[in-house]
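The values are calculated or read from the model by the stated rules, or taken from the named source; none is laboratory data. These numbers were taken from a predicted model, which means no experiment stands behind them. Neighbour counts run over all protein chains shown; Cβ positions are idealised from the backbone, glycine included.
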Amino acid sequence: MFEAIAFYLFAFLTTLMFFITVTTSQALYALTALAAGMIFISAFFFILGADFLGAVQIVVYSGAVMALYAFGMMFFDSTREVKEKQGNKLIVSGLSILAAILVVLIFAAPMVTDNIVALYPVIEGAGNTQQVGMVLFTKYLVPFEVAAVMLLVAMIAGIVLAGKKMDLSITLMNDAEIKDMKKDQNKKVLS
Amino acid sequence: MEIGLNHYLVLSTILFSIGLVGVMRRKNLLLLFFATEILLNSVNIAFAAISHYYGDLTGQMFAFFVIAIAASEVAVGLGLLIVWHKRHNNIDLDSMSTMKG
Amino acid sequence: MELYLYIALFSPLVGSMFAALYGAKPRTKIAGVVPSALLITSLIASTILLAHILSTGEIVHVEMMTWMATGNLYIPFGFIVDQVSVTMMMVVTLVSSVVHVYAIGYMDHDKGFNRFFSWLSAFVFSMLILVMSDNFAGLFIGWEGVGLCSWGLIGFWYHKESATWAANEAFIMNRIADLGMLIGIFLVYWNTGTLQYEGAFAAMQNLDTEILTWMGIFLFIGAMGKSAQFPLHTWLADAMEGPTPVSALIHAATMVTAGVYLVVRSNELYALIPDVGVFIASLGAFVAMFAASMALVNRDIKRVIAYSTLSQLGYMFVAAGLGAYWVALFHLMAHAFFKALLFLGAGNVMHAMDSELDPFKMGGLGKTMKASMVMMTLASVALAGIFPLAGFFSKDIIIEAAFVEHHFIIYTVLLLTAGLTAFYSFRIIALIFHGEERYKLFGFHPHEAYKFMLVAMSPLLILAVIAGSLKMTYFEMVTAVLPATEYHLHSVTTYWIMTIGTQIFVILAILYAYKKYANSSIKVPDGTSKMEKSFVYKLLINQYYIPYSYEQYLIRPYRELSTIFWKQIDMKIVDASVDGIAGIIYGTGEKTRAMQSGNLSTMLKWMVLGLVILLSLAVVFGLAARHFDEIKVILSGLGV
Amino acid sequence: MLDHILSILIFFPALAAVLGFMIDKNSIRAYGVSVAAIEFVLSLFLWFSFDSSISGMQFMEQIPLIPSFGINYILGVDGISLFIVILAAFFTMIGIASLTDTKNVKNMIITLLFLQMTMAGVFVALDAIVFYIFWELSLVPMLYIIGAWGGPLRIYASVKFFLYTFAGSLVMLVGMLFMAYFYYQATGQWSFAILDWYRLILPETFQLWLFVAFFIGFAIKVPMFPFHTWLPYAHGQAPTIGSVILAAILLKMGTYAFIRFSLPLFPDASVYFMFPIAIISIIMIVYTAMIAYAQEDVKQVVAYSSVSHMGVIILGTFALNVEGITGSIFLMIAHGVVSGALFLLVGVIYERRHTKMMSEFGGLAHVMPRYATIFGLMLMASVGMPLTINFVGEFLSLLGFYQQSHILTLLAGIAIVVGAIYMLAAYKKMFFGELTNEKNKNLPDVSKRELVALIPLSILTIVLGIYPTPILKPINNSVESIVQLMHDKSITEEAKTRIPNLAASKGIEITRTSMKEAH
């Protein structure tokens, strides 16, 4: 009973948050709603007994990703309202709903068979974190390491991409310098 | 009232389609990234649920990796976003049409 | 004897090549003299062969080399000189020698003099191959060869539109018939296994009548083309565009008789299928009458003579069709002499009148051209079949044969035609040589031809006069290879009544022609007289509207259909459908290019659409896999 | 040297072409002519040392390329391919010799030498993959020739030519792969060797499908109605030399492949499709002849006449008896000579007047008598006058098919009538009549360089028309063995009766097509 109440509550909240994220015209609202949605999702993980995953979700998303987004938004004028030309709403919603129905249909049909054999069964008598650790460092060791390298690469890439000409500051330049820079940029764009 | 796997799957589907809506209607690149996060997370829910109901840890493992990928995506994506913004002073999707065939 | 055979055959070829060497050079007498001399050599060689055959009765048969050999097919270049082919050789070499010598004078001023002799000798060579070959394929070589030379000679004055048109018409019409001939040859090969006359005719004795009938019909179609039988006759009259010596040689004496030769040569085949023979005879009789009727009113000397040739060819086919092969051959020979003479005489007249052909514009030429007048008159008498000239012996016997064989309709037609023949022959004689000197009105200055031309014509004159007396000798010679049917009426009285009756009928026709056309009241017709307005006259002068209808209903539709095929079907359907396929591919590319607008948002929408499609496919296939058995039942119910 | 003469024939011109890049521009013509002449002498040497009493393959070479898939470099000639190889070398030679002053003459000569390589390769290859490679490679030089030296529509024409033929040959490739797969299924070994395939007896349904696959590739190349529309464009736009080689040799690839592949591999299917193909051929013959009559451009007349004649070749091939097939092979050579000469002749006048419209001419016989004479000779050969080279082929082809069907042969025989119509009409328009066009008044007659090409062709036309035996005999022997093979291989009753049994009728043992020699 408690589980059901929790599920429906968080389901409602997550849906709402995400809905706000995709519909609001304020970037800041969207960011906040997304962060909230992420935290609500971790609740499902806890309900499902995947404690470690829930913790990671909160740490990574709300901590790291959202912080990154927040920093990113500082580069742009995030306070100004985002102008978005809207296309045909009917197509957008229609396609989405159609996709949803189809996925549900697929889920409803063949997945609920019982002949799925667990590849890495839950180990009795061990906590979730323990289990995760055991599987992650035995069976998924190589992917895990690869994922680590990938994160490293992504980090470097992020720094390199974003950090180009970090030392330039438009506010500190005079008009002539800005003009020069613009010219340079234009050239680059053209090339 | 028992909450079964299907409930989670339906929830995941709903979130997924909200993500799709976002992907399709957002013209701001940053907000588009938000929508992709939603997509990834909706799948994570499904993974975790399946993992739970079948007593198999594979789902959780996949969810981990999805999170890792999401994190790196954000890192690289934001980097690119900043570069674009520096050049063009906007991050409007409609301005990105150099791949016109 | 083989040496003489080769000399007879190849000296015209050498002559042709010799003249061809001078082809692009300005005219020179030597290009005419050498081929003529070589032709006379050929004539002498043929005469020796004739003497040999007459004295010993031996047939000369040589096989020079293999032409085609593949599978079971074996075709050599083989030549045979027997009683039939030696007759043809004599006719061909004799008439062509005369014509060559004559043409040296006639073509005197033409700048294509050298080319003319090259073609003319080449023609003689082809004709000799035709008559001397010992197989159907060799015959076909000659057959096409004479067609080619005829094309070159009709279109000799190639700057004249009408000449080239006539040349092409003759060639194409002959080709139509040649197709029949080719099919006939195929039939012979696949049914007898050989194309050699000897083997083929021997094998034919055991074949079905039906196959033989088809063979006979197809071979005869070939003969119809070359001998200009109805309905392929129109080219012969148009072929008169060629120089007159050509008309004399090709379109009177030799090439057009090739069809008769073919039927005579294949007598063993036609003897087996008398029904086809009757058809040939009927067609011949029809053409005899039909052509003679057109000759009645024509206002072109050469065309009149051409129609007369056509009419006489009809006679020959009657004889050949009725089984009187030797008679056909005999008439062929006699006809060659007097008709060539007639043409050459007409050539003299043309020469004198600056190529004017309308006899109504002549008249009274007898005073200046006595020799020509005598020759043409004698030739016409021979043609009309008056005793004792050649025509009497050869032509009357055909009429008699028709009577004896109880084909009375043919007999009547031929008899009437004999009258018509006499009438139209003497119509032009009267118009040209007698009556008022109308040419003065048009400012012509006629003169007699060169002496040597007249001398050259004299052998023909002599033969036209005396050929009849050779009848029995000839009969004995040629019946060694042909069926020896003699045509005698049972009752002597009937014979005399018929002969004298025919003679009187013919003489009356001649007198009528003189009365009508030799008087001084003849004017150049201007289309106003009552006769010219009559329907019959119009019908005849327009050749029964046959050339007109060919032009309207065959040539023009062919031309239009060709254009439609090209412009409409080939370009707009066949090619366009190919281009259409390419166009569809290009078009899809152009259309779908809009998808690649480069706008990320649009592309994302497409991505979602793709996702939806994939998902639907998954659902469909999932359902199909689950309900496979039911679907199978439904499909089998639908009959798939 | 004899052991590798075929490889030498293929790769010598290619090597020479590569070296040709280093040759100075001024001496390239002499270089090209001498290379082509050596090639031609080599091909004559091949003929000289060819044993015409053997019906099978000779001068076989075999080098494994991909042994695990049975792809080998196998070469060999028999009577069927020998003369086309010689003809190809011959045309390359006179083509280069008579080449008029074009831009980039060096590239042209090098391209022609490459083309010679591919042509030789196609006709001597006995491995399906090697055959296919040369088959496709031959498109490239021709594409370049049309695209680089062609008329105003050259890009369209060359792309059409390439895509059309390429699409067809892809279908053929699928057929070949399936054939090899079938061979693998039947024997447990991969093989692309044609002589291995000859031994395979296929079920009738397979034969039908494979026949169709091969047919599409070949038919487009021939080109057969309704796939012929690339040809007029290609000919119309190609430079003279391109048209000559295209008509004389490249088109023969299709008909040659019919005899090399379709007939012996699928005898039952050949019999099954005999009448449909015969009807297509008849449509080809009559329809394109009529189109030729309607043309205003003399080159198009010759181009369409090519299609018409190819119809007779196909008809002869599908007569499926010795007379017909021998005739069709002979006609391939004959048509090569005659149409090549006709295209050269058209090139002569185009060179002088830069137009091919017949309405521009008229009365040319007055100013160019020698030209008119040679054109007349070739015209008569094209029309099928006896004692010219074409007649032998046409006569035998039609004679052969007459055994199969009387009515269809009668219809096909219309070729000799309609052929005469368009050719004579074209000749009349060009050469006869008064000389009306001022521009034509001072045209020079054929030059020495042009005569270098035209005289040998004229001599060939007549000599082979009078004495075809030296060519007919080797062809005949090889064809007999193929017909016998087809008879032995055929399954259905109809095929057994349609294809004659030579061994029985002749009472002699005909050597089976060289399977022993292959291994």
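Structure summary
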{"quantity": "Residue in the range A:1-17 that is nearest to B:N44 (Cα to Cα), counting only those that are crowded, with 19+ Cβ neighbours inside 10 Å and more than 7 Å from chain B (Cβ to nearest Cβ)", "calculated": "A:F10"}
{"quantity": "Residues (within 15 Å of A:V103 (Cβ to Cβ) and exposed (fewer than 11 other Cβ atoms within 10 Å of the Cβ)) located in the range C:617-639", "calculated": "C:V620"}
{"quantity": "Selected residue (criterion: farthest from A:A64 (Cα to Cα)) from residues of the range A:18-36 that are crowded, with 23+ Cβ neighbours inside 10 Å and free of Cβ contacts under 8 Å to residues at least 24 places away in the same chain", "calculated": "A:V22"}
{"quantity": "All positions within the range D:149-174 that are more than 16 Å from D:F214 (Cβ to Cβ) and surrounded by fewer than 18 Cβ atoms within 10 Å (Cβ to Cβ)", "calculated": "D:G151, D:P152, D:L153, D:I155, D:Y156, D:V159, D:L163"}
{"quantity": "Boolean, C:A576 is more than 8 Å from every other protein chain (Cβ to nearest Cβ), at pLDDT below 85 and over 30 Å from C:L296 (Cα atoms)", "calculated": "no"}
{"quantity": "Residue tally, condition more than 7 Å from every other protein chain (Cβ to nearest Cβ) and of a type in the set (S, T, Y), over the range B:9-46", "calculated": "3"}
{"quantity": "Hey, D:V392 in contact with a strand residue (DSSP E or B) (Cβ under 8 Å, 6 or more places away or on another chain), facing chain C (nearest Cβ under 10 Å) and not basic (K, R) or not", "calculated": "yes"}
{"quantity": "Helices (runs of 4 or more DSSP H) (entirely within the range D:64-163) containing at least 2 residues that are closer than 25 Å to D:D3 by Cα and not small (G, A, S)", "calculated": "D:79-97, D:105-124, D:128-137"}
{"quantity": "Check on C:E486, assigned to a helix (DSSP H, G or I) and either in contact with a strand residue (DSSP E or B) (Cβ under 8 Å, 6 or more places away or on another chain) or farther than 30 Å from C:V297 by Cβ (or both)", "calculated": "no"}
{"quantity": "Odd one out for A:V149 among (1) facing chain B (nearest Cβ under 8 Å); (2) at pLDDT 80 or above", "calculated": "(1)"}
{"quantity": "Qualifying residue in the range D:88-98 (condition: surrounded by fewer than 20 Cβ atoms within 10 Å (Cβ to Cβ) and either at pLDDT below 90 or touching a helix residue (DSSP H, G or I) at 6+ places or on another chain (Cβ under 8 Å) (or both))", "calculated": "yes"}
{"quantity": "Unique residue being modelled with pLDDT of 90 or more and at the interface with chain C (Cβ under 9 Å from one of its Cβ atoms) when the list is D:M380, D:M423", "calculated": "D:M380"}
{"quantity": "Some residue of the range C:64-72 being assigned to a loop (DSSP other than H, G, I, E, B) and among the small types (G, A, S)", "calculated": "yes"}
{"quantity": "Helices (runs of 4 or more DSSP H) within the range D:295-380 that include 3 or more residues surrounded by 24 or more Cβ atoms within 10 Å (Cβ to Cβ)", "calculated": "D:298-317, D:322-353"}
{"quantity": "Answer from B:I50, B:I3, B:I67 - the residue that is within 7 Å of chain A (Cβ to nearest Cβ) and part of a helix (DSSP H, G or I)", "calculated": "B:I67"}
{"quantity": "Matching residues, the range C:35-70, being farther than 30 Å from D:V322 by Cα and more than 28 Å from the chain's Cα centre (by Cα)", "calculated": "C:I48, C:A51, C:H52, C:I53, C:L54, C:S55, C:T56, C:G57, C:E58, C:I59, C:V60"}
{"quantity": "Residues within the range C:359-397 that are under 17 Å from C:G501 (Cα atoms), assigned to a helix (DSSP H, G or I) and aromatic (F, W, Y), tallied", "calculated": "2"}
{"quantity": "Filtered residue count, the range C:524-546, keeping only those that are exposed (fewer than 11 other Cβ atoms within 10 Å of the Cβ) and not in a helix (DSSP H, G or I)", "calculated": "3"}
{"quantity": "Search result, residues across the range D:284-335 that are among the small types (G, A, S) and within 19 Å of D:N476 (Cβ to Cβ)", "calculated": "D:G316, D:A319, D:G324, D:G327, D:S328, D:A334"}
{"quantity": "Count - residues of the range C:583-602 that are more than 8 Å from chain B (Cβ to nearest Cβ) and within 19 Å of B:L31 (Cα to Cα)", "calculated": "1"}
{"quantity": "Any pair with Cβ under 6 angstrom, 6 or more apart, that starts in the range A:1-17 at a residue that is aliphatic (A, V, I, L, M) and ends at one that is loosely packed, with under 12 Cβ neighbours inside 10 Å", "calculated": "A:A4/B:M1"}
{"quantity": "D:T355 β-branched (V, I, T) and more than 14 Å from the chain's Cα centre (by Cα)", "calculated": "yes"}
{"quantity": "Tally, over the range B:77-93, of residues that are under 22 Å from B:M24 (Cβ atoms) and more than 7 Å from chain A (Cβ to nearest Cβ)", "calculated": "5"}
{"quantity": "Residue match in the range D:44-58 (condition: assigned to a helix (DSSP H, G or I), within 24 Å of the chain's Cα centre (by Cα) and either at positive phi or loosely packed, with under 14 Cβ neighbours inside 10 Å (or both))", "calculated": "yes"}
{"quantity": "Of residues in the range A:39-56 being in contact (Cβ under 8 Å) with a residue 12 or more places away in the chain and at the interface with chain B (Cβ under 7 Å from one of its Cβ atoms), the one surrounded by the most Cβ atoms within 10 Å (Cβ to Cβ)", "calculated": "A:A50"}
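Condition check ((1) modelled with pLDDT of 90 or more; (2) under 27 Å from D:A37 (Cβ atoms)) across all residues:
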residue: D:T102; (1), (2): no, yes
residue: D:A120; (1), (2): yes, yes
residue: D:A125; (1), (2): yes, yes
residue: D:W135; (1), (2): yes, yes
residue: D:Y144; (1), (2): yes, yes
residue: D:L170; (1), (2): yes, no
residue: D:F182; (1), (2): no, no
